[in-house]
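Asker: Below is the structure I would like to discuss, written out as structure tokens.
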Amino acid sequence: MITGSFPIEALSAYETPFYYYDMSVLRSTLREVTSQMQIFDNAVVHYAVKACAAPEILREIAKAGLGADCVSGGEIEAAIAAGIPASRIVFAGVAKTDKEIRYALQQGIFCFNVESQAEVEVIDQLAAEAGVVASVCLRINPEVDAHTHAKITTGMAENKFGIRMQDLEEAVRDCTRRQHIRFLGLHCHIGSQITDIQVFTVLAERLNTLVARVEALGVPVEHINVGGGLGILYEHPNHFPIPDFQSYFATFARSLQRRVGQTVHFELGRSIVAQCGNLMTRCLYVKQGTQKRFAIVDAGMTDLIRPALYGAFHRVENLSCPDAPEQVYDIVGPICESSDVFVEGYSIAQVHRGDLLVMRSAGAYGEVMASRYNLRRLPGHITSDDILTA
Ligand SMILES: *Cc1c(COP(=O)(O)O)cnc(C)c1O
């Protein structure tokens, strides 16, 4: 597959900054996911909507037959509107409001991934009011170190996410005593941008222990949800546009001790959408400092906050003059914050005012995190399908 090829002329017609989604990259990625997950007879991949909720992206994911992992009522609405059946939607989050829980019950979602015993009690009451039974998985904090960025680690002790392992038995018994709760199984999610596949072996082994503890109570575990977190190669969007889903699924297939009839669930976000997304921007000014040269672009941290928020790296390419000799720049945005820096000391084909630049691998946690700080307009997006049909 060829990536990193951009329809520059067509893209030049749009006002920068904006997101450009390459649907052929998304489709190839989805084909690979749906093919590699076949190593399980009984698996469901729920796309984590929070990574990117552009309707065109969600519809393509719905078409591929994936479910959705939602963390708000708004995400459930967006998933259903895109054609993802409620019966394939899971709902996570530490702070589900009563209104969101009622809405999810009314839609008949597959399962609540419950993050505290207090939440089980509320769901039980609201399900009773609605005259339904709510299916739940307990999100357990498995204390597995994801070896990833501190701000995106979620599986360690004293994290706001999940139920403590030592409370597992009590939480399961509590579920089984409640009339309007049906206990389905266990859920974990340990973090994001995990590139060390060994971490998933550790997670699977931990889950084996937790499942055995539940079964020891005489309660079957029909569903195991291992969460998401598979990382991508931000440095190499052209050479490795599709994550290694084969190793990912094989790792769980090898390490999880599965029971007959048990379903394994995955919640992949970033690995599905990151590489299809690109932030298009133009250089406004080139400014020579004492020691640094700045390329000031019209996209800022309001359009793509990952570098400012997590020190994340996005590859930047100059599409207007790809063959110019390289020079070293700090590529910075227009926002009145010193952290509005995309990359420092970066070597790129010489940049001039007006050049169209692309920030690669920006499909996940990009557009969806955009804000209107400084009263900027939201970046918005176009897809490769829009260009083909234009
Ligand atoms: C964010 C999130 C995911 C997806 O994480 P990725 O790193 O994008 O794959 C999955 N499950 C839960 C509960 C999440 O919060």
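The values are calculated or read from the model by the stated rules, or taken from the named source; none is laboratory data. Computed from a predicted model, the values in this text were never measured in an experiment. Virtual Cβ from ideal backbone geometry, glycine too; neighbours counted across all protein chains shown.
Asker: Looking at Asp69 and the list (1) in a helix (DSSP H, G or I); (2) under 17 Å from the mean Cα position of the chain (by Cα), which single condition is not satisfied?
Answerer: Among (1) in a helix (DSSP H, G or I); (2) under 17 Å from the mean Cα position of the chain (by Cα), the lone unmet condition for Asp69 is (1).
Asker: Within the range 162-185, restricting attention to residues that are in contact with an Asp or Glu (Cβ under 6 Å, 6 or more places away or on another chain) and surrounded by fewer than 21 Cβ atoms within 10 Å (Cβ to Cβ), which residue is nearest to Gly131 (Cα to Cα)?
Answerer: Among them, the one singled out is His180.
Asker: What's the number of the only condition in (1) within 14 Å of the ligand (Cβ to nearest atom); (2) part of a loop (DSSP other than H, G, I, E, B); (3) touching a strand residue (DSSP E or B) at 6+ places or on another chain (Cβ under 7 Å) that Ile84 fails to meet?
Answerer: The failed condition is (1).
Asker: Based on this model, can you work out whether Ser339 counts as hydroxyl-bearing (Ser, Thr, Tyr), touching a Leu at 6+ places or on another chain (Cβ under 9 Å) and within 16 Å of the ligand (Cβ to nearest atom)?
Answerer: Answer is no for this residue.
Asker: Pairs, please: C-beta under 6 Å, at least 6 apart or cross-chain, first residue at positive phi and in the range 342-368, second of a type outside the set (D, E, K, R) and in a loop (DSSP other than H, G, I, E, B)?
Answerer: Listed by first residue and then by second, the contacts come to Ser361/Tyr234; Ser361/Pro237; Ser361/His314.
Asker: A further question on this structure: On the basis of being modelled with pLDDT of 95 or more, within 16 Å of the ligand (Cβ to nearest atom), in contact with a Phe, Trp or Tyr (Cβ under 9 Å, 6 or more places away or on another chain) and in the same structural domain as Asn225 (by TED's automatic domain parsing), does Gly67 make the cut?
Answerer: When the stated conditions are applied, Gly67 passes them.
Asker: Continuing with the same structure: On the given criteria, is Val260 touching a strand residue (DSSP E or B) at 6+ places or on another chain (Cβ under 9 Å), more than 14 Å from the ligand (Cβ to nearest atom), farther than 28 Å from Leu26 by Cβ and of a type in the set (Val, Ile, Thr)?
Answerer: Taking the combined requirement at face value, the residue does not satisfy it.
Asker: Is it the case that some residue within the range 280-290 is of a type outside the set (Val, Ile, Thr), within 16 Å of the ligand (Cβ to nearest atom), assigned to a strand (DSSP E or B) and in contact (Cβ under 8 Å) with a residue 24 or more places away in the chain?
Answerer: no
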